[in-house]
Amino acid sequence: MGKPTKKVLEICNLKFEDFKKIHSIDESDVFVSHFGELSQEMVNDISIETEEKMINSGDKKVVVKKAFNILVEGLQNIRLHGGRDSNNVQTSCLVIVQNKQNYKILFGNLIPNKIITLISSKIELINSSNLDQIKEMYVATLTNGIISKKGGAGLGFITMAMKSKNNLDFNFEAIDSEISCFSVELTLNRV
């Protein structure tokens, strides 16, 4: 396994620092975090670890199930669709912060610049829709039968918005002319 480029490390670190500042987070608030490449085994391990920690924190089963679904979708999106830097490394990050009212979840990964418009328009459509419309999008996407070459049906962002019942905040930070660091943040209410 190679090392990410210096620029990728710099941008990802800034993304995390901005996330901490925006939400007034100190290290003790971080519930789960991951930085680096993702394998299927790591997706499973992170998801199970998070689920167990949430149960031990006293979260209701419905909240744990929603978080698990969001986490699996977000991590699978990164694993299957995340871009690679010039060292051929697929860098990603996950940060989950817990407070009394909610979980703040941040996913970050590299993407080719050529798909920024596609991702932006998809998330903007989801964010401009109400919950019933998002559920309709989910059913329509699920039943259209189109599965990508990488095994996805385009349900990731829809599922994350539907389960969290909150908008997806997203951002792109250019690394170079080919790739950017893409981040998506959401809130899952605990109460």
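The values are calculated or read from the model by the stated rules, or taken from the named source; none is laboratory data. Source: prediction; values computed, not measured. As a convention, Cβ positions derive from the backbone with ideal geometry for all residues, glycine included, and neighbour counts pool all protein chains shown.
Observations on the structure shown:
- Some residue of the stretch 75-85 being surrounded by fewer than 18 Cβ atoms within 10 Å (Cβ to Cβ) and touching a His at 6+ places or on another chain (Cβ under 9 Å): no
- Taken over the stretch 1-22, the residue count meeting the criterion of being of a type in the set (S, T, N, Q) and in a helix (DSSP H, G or I) is 1.
- Residue within the stretch 112-121 that is within 29 Å of residue 61 (Cβ to Cβ) and either of a type outside the set (S, T, N, Q) or at pLDDT 90 or above (or both) present: no
- Residue 13 vs. criteria touching a residue at least 40 places away in the same chain (Cβ under 8 Å), within 18 Å of residue 181 (Cα to Cα), loosely packed, with under 13 Cβ neighbours inside 10 Å and polar (S, T, N, Q): no
- Verdict on residue 185 being touching a helix residue (DSSP H, G or I) at 6+ places or on another chain (Cβ under 9 Å) and more than 19 Å from residue 25 (Cβ to Cβ): no
Residues are listed down the side, and each one gets a yes or a no for (1) free of Cβ contacts under 8 Å to residues at least 40 places away in the same chain; (2) aromatic (Phe, Trp, Tyr); (3) more than 14 Å from residue 158 (Cα to Cα):
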site	(1), (2), (3)
91	no, no, yes
105	no, no, yes
119	no, no, no
124	yes, no, no
130	yes, no, no
135	yes, no, no
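- Residues that are more than 22 Å from residue 183 (Cα to Cα) and under 21 Å from the mean Cα position of the chain (by Cα) were ranked within the stretch 116-136; the one that is surrounded by the fewest Cβ atoms within 10 Å (Cβ to Cβ) is 130.
- For the stretch 107-117, the set of residues classified as free of Cβ contacts under 8 Å to residues at least 60 places away in the same chain and among the aliphatic types (A, V, I, L, M) consists of 115 only.
- Wholly enclosed helices (runs of 4 or more DSSP H) of the stretch 88-191 bearing at least 1 residues closer than 20 Å to residue 34 by Cβ: 156-164
- Residue ID - modelled with the lowest pLDDT, chosen from residues in the stretch 23-35 that are surrounded by 14 or more Cβ atoms within 10 Å (Cβ to Cβ) and not in a loop (DSSP other than H, G, I, E, B): 29
- Every condition in (1) at pLDDT 95 or above; (2) part of a loop (DSSP other than H, G, I, E, B) is met by residue 85 except one, and the failing one is (1).
- When residues of the stretch 36-53 are limited to those that are under 17 Å from residue 106 (Cβ atoms) and in contact (Cβ under 8 Å) with a residue 40 or more places away in the chain, the one surrounded by the fewest Cβ atoms within 10 Å (Cβ to Cβ): 36
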